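Reading through the structure tokens given below for one structure.
The values are calculated or read from the model by the stated rules, or taken from the named source; none is laboratory data. These numbers come from a predicted model, not from an experiment. Using ideal geometry, Cβ is built from the backbone for each residue, glycine included, and neighbour counts are taken over all protein chains shown. Side chains are part of the model used for accessible areas, which takes the heavy atoms of the whole protein and leaves out ligands, DNA and RNA. Shrake-Rupley method; radii C 1.70, N 1.55, O 1.52, S 1.80 Å.
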Amino acid sequence: MAAASIYKRLLDGTYGRPFIVDNKRYRSLYLGLTYVQSVMSLNEPDVLSLRYTEMMANFLLFNPTPRHIALLGLGGGSLAKFCFHSLPDATVDVIEIDPDVISLREYFHIPDDQERFRVIQGDAADYVAKSDESIDVLLADAFDADGLASSLSAQTFLLTAYNSLKKSGILVMNLAGEETRYTDLIEQAVDMFDGQIIVVPVHDDENQILFAFKQKAFEPNWTKLTRRARELKSRFNIDFPQFVQHMERQT
């Protein structure tokens, strides 16, 4: 396909496939021209380069040793690589519906499938519905060209997500794009998780991150979390202490 024809289809939104943009420092994955889906540093491919991915990694404040992590949406694999390399005792399942996204995995240094890491082609909501109380941390970061994947904004997804988590499980969702896709979802999460949620805006990325806790009568111990945040910062070079402050303010 001629470059001019591709560019025209990108502009009018009819290209319909993911594409990569390099600028010598970063490699970015796009599903359309409106939103960047993922960013990878070419010099440090395993580092979380976007602020919202760092915020999603704050599940470590509440469970620093998860055994089973499920990630809905592969994208450029930033969170998948972080979990795989940083948590050697965790099994990581990544569910991605688009085979074209999966076909680009080598460009983003995503590990090959192995005993504790696999990329599964399929619908994220279907995968969650079949996971019966087996997941410690469920990371939902699935998008299409217009924003949050429609299957994740349905009320049925929250029910199946709740049922897929262990008793102390955590759901973490990246909310971005058109707000009408997720405003109702936040209200539904409040009901589903009995009010045990925290929604934190990520000002640099204009995203919001939803943390929902299945544990009954969950109440954050901010003194303990601040102490753990300092420990995590020394391990991962991510500003967990600042995130703790943001989260406490949101509660």
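Against the conditions (1) within 22 Å of the chain's Cα centre (by Cα); (2) touching a residue at least 12 places away in the same chain (Cβ under 8 Å); (3) assigned to a loop (DSSP other than H, G, I, E, B), A229 satisfies every one except (3). From the list D112, D126, the lone residue that is free of Cβ contacts under 8 Å to residues at least 12 places away in the same chain and closer than 23 Å to L175 by Cα is D126.
Does the stretch 54-63 contain at least one residue that is free of Cβ contacts under 8 Å to residues at least 40 places away in the same chain and either of a type outside the set (S, T, N, Q) or not in a loop (DSSP other than H, G, I, E, B) (or both)?
Our first condition is that a residue be free of Cβ contacts under 8 Å to residues at least 40 places away in the same chain; within the stretch 54-63, this holds for none.
There is no residue in the stretch 54-63 that is free of Cβ contacts under 8 Å to residues at least 40 places away in the same chain and either of a type outside the set (S, T, N, Q) or not in a loop (DSSP other than H, G, I, E, B) (or both).
Of the set (1) surrounded by 22 or more Cβ atoms within 10 Å (Cβ to Cβ); (2) out of contact with any strand residue (DSSP E or B) (no Cβ under 9 Å at 6 or more places or on another chain), all apply to D89 but (1).
Here D239 clears all of (1) open to solvent by less than 40 Å² (accessible area, probe 1.4 Å); (2) at pLDDT 90 or above except the condition numbered (1).
Determine if the stretch 32-41 includes at least one residue that is more than 16 Å from the chain's Cα centre (by Cα) and more than 30 Å from Q242 (Cα to Cα). Yes, there is a match, as at least one residue in the stretch 32-41 is more than 16 Å from the chain's Cα centre (by Cα) and more than 30 Å from Q242 (Cα to Cα).
Among the residues of the stretch 164-178 satisfying the criterion of being open to solvent by 10 Å² or more (accessible area, probe 1.4 Å) and closer than 19 Å to G73 by Cβ, which is nearest to the chain's Cα centre (by Cα)? Per the criteria, the residue is A176. Residues that are aliphatic (A, V, I, L, M), farther than 23 Å from K216 by Cα and surrounded by fewer than 16 Cβ atoms within 10 Å (Cβ to Cβ) within the stretch 124-163 comprise just one, A154. Here L29 meets each of (1) buried (at least 22 other Cβ atoms within 10 Å of the Cβ); (2) hydrophobic (A, V, I, L, M, F, W, C); (3) within 21 Å of S153 (Cα to Cα) with one exception, condition (3).
Quickly run through the stretch 174-191 and pick out the residues that are in contact (Cβ under 8 Å) with a residue 12 or more places away in the chain and within 23 Å of R51 (Cβ to Cβ). Full working, then the answer.
Start the filter on the stretch 174-191 by keeping residues that are in contact (Cβ under 8 Å) with a residue 12 or more places away in the chain, which leaves 174-178, 181-182, 184-186, 188-189.
Once the filter is applied, which keeps residues that are in contact (Cβ under 8 Å) with a residue 12 or more places away in the chain and within 23 Å of R51 (Cβ to Cβ), the stretch 174-191 yields N174, L175, A176, G177, E178, R181, Y182, L185, I186, A189.
Could you please find all residues in the stretch 82-99 being touching a helix residue (DSSP H, G or I) at 6+ places or on another chain (Cβ under 8 Å), charged (D, E, K, R) and closer than 17 Å to E115 by Cβ? Explain how you work it out, then say what you get.
Residues of the stretch 82-99 that are touching a helix residue (DSSP H, G or I) at 6+ places or on another chain (Cβ under 8 Å), as a first pass: 82, 86, 90, 92-97.
Within this subset, residues satisfying the condition of being charged (D, E, K, R) are 93, 96.
Answer for the stretch 82-99, where residues must be touching a helix residue (DSSP H, G or I) at 6+ places or on another chain (Cβ under 8 Å), charged (D, E, K, R) and closer than 17 Å to E115 by Cβ: just D93.
All conditions but one from (1) touching a Gly at 6+ places or on another chain (Cβ under 7 Å); (2) within 23 Å of E44 (Cβ to Cβ); (3) open to solvent by less than 20 Å² (accessible area, probe 1.4 Å) apply to V94; the one that does not is (1).
Can you tell me which condition I198 does not meet? The list is (1) open to solvent by 20 Å² or more (accessible area, probe 1.4 Å); (2) in contact (Cβ under 8 Å) with a residue 40 or more places away in the chain; (3) in a strand (DSSP E or B), and all the others hold. Here I198 meets the rest and fails (1). Selection of helices (runs of 4 or more DSSP H) fully inside the stretch 77-165 by the criterion of at least 3 residues being closer than 20 Å to M192 by Cβ and not hydroxyl-bearing (S, T, Y) returns 124-129, 155-164.
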